[in-house]
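Chemist: For reference, the structure I am asking about is given below.
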Amino acid sequence: MANASVLIPWRYVWVRPRMALREAIAHPSGALVLAPLASGIVQSMVRAASSEVGRRGTSTATILIMTGLVGSVWGLVQLLAVSGLLYLVARDANGQRIPFRRLRTVVAVAYTPLGAAFVGWLVATLLLGPGLYINPESLASIYGPITALEVSLLYFATGVCLLWSFALQVLAVAEARGSSVLSALGTVLSAALLAGILILLLVVVAVLLIH
């Protein structure tokens with residue numbers, strides 16, 4: 001039963017997200033980290049496409065290997081960073097700090113939608129090769145309007161998955177805290193504000209060190 005429960009967050013995160021989050025909290029599993037890793041790879045692929053690495057003679061294998069390595073690291077960093085920020089600002093109904101492991105679990109589940117987009121990007125990369133990683137406006141002249149439309153739909157679906165991942169992150173905090181969604185949104189915004197302050201401080205320190 002424990003092994004079967006691992007699949008529940010991935011199966012029901014689309015239609016019964018709160019149940020999926022509760023199941024993940026009740027049965028935490030290291031396998032859940034696959035979602036943020038896949039999410040990081042998708043982000044790396046999108047970045048590679050926006051940088052038009054396909055015009056630089058980069059092979060399909062190189063693109064897959066580099067986006068896989070860089071994206072996996074980035075996904076793990078995001079998981080730990082977001083969980084850490086929430087750990088600093090989130091409190092349960094009794095004002096107690098929420099265990100880091102619980103936050104990490106629900107945050108990992110929240111990355112599931114964007115991680116699912118990895119399947120589409122992988123298939124598109126295998127079919128189009130480096131041609132996927134060029135300006136989308138150039139696809140129509142190279143592959144025809146149908147392929148260009150399909151790639152546009154891939155970008156649209158990725159955007160939808162990104163929005164749903166953010167919404168899930170708010171729901172995840174609500175489940176971890178045992179609070180309302182509105183209160184959880186405030187916690188997520190507080191964590192984002194804290195991240196902004198930390199980044200600003202790092203930039204200031206870096207500028208002072210350079211000069």
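Each reported figure results from applying straightforward, stated rules to the coordinates on display, with no laboratory input. Fair warning: this is a prediction, and the values are worked out from it, not measured in the lab. In this analysis, Cβ positions are derived from the backbone assuming ideal geometry, glycine residues included, and neighbour counts consider all displayed protein chains.
Chemist: At 7 Å along the Cα-to-beta-carbon direction for both Asn94 and Ser59, put a label point, then send me their distance in nm to one decimal.
Modeler: So the label points at Asn94 and Ser59 sit 5.9 nm apart.
Chemist: First measure r as the distance between the Cβ atoms of Ala81 and Ala140, then evaluate 1/(1 + (r/R0)^6) with R0 = 35 Å and state the FRET efficiency to the nearest 0.05.
Modeler: The computed FRET efficiency comes out at 0.35.
Chemist: In whole Å, what are the Cα extents of the range 122-169 along the three principal axes, biggest one first?
Modeler: 38, 18, 15
Chemist: Next up: From the phi of every residue in the range 197-202, what ³J(HN,Hα) in whole Hz does the Karplus formula 6.51 cos²θ - 1.76 cosθ + 1.60 yield, where θ is phi - 60° and glycine or proline is x?
Modeler: Each residue of the range 197-202 in turn: 5, 5, 5, 4, 5, 5 Hz.
Chemist: Net charge within 11 Å of Ser83 by Cβ-Cβ distance, Lys/Arg positive one each and Asp/Glu negative one each, not counting Ser83 itself?
Modeler: That works out to +3.
Chemist: Using θ = phi - 60° and the Karplus relation 6.51 cos²θ - 1.76 cosθ + 1.60, list the HN-Hα couplings for the range 112-120 in order, rounded to whole Hz, with x at every Gly or Pro.
Modeler: 4, x, 5, x, 5, 5, 4, 4, x
Chemist: Follow-up question, since we're still on this one. How big is the charge dipole of the chain about its Cα centre, in debye rounded to the nearest 20, if each Lys and Arg gets +1 on its Cβ and each Asp and Glu gets -1 on its Cβ?
Modeler: I would put it at about 540 debye.
Chemist: When N counts the residues of the range 102-181, how does its alpha-carbon radius of gyration compare numerically with 2.2 N^0.38 Å, as a ratio?
Modeler: Its radius of gyration relative to the 2.2 N^0.38 Å reference: 1.43.
Chemist: Using the reciprocal of the averaged 1/r over all distinct C-alpha pairs, how large is the Kirkwood radius of the range 2-210 in Å?
Modeler: After inverting the mean inverse Cα-Cα distance, the result is 18.4 Å.
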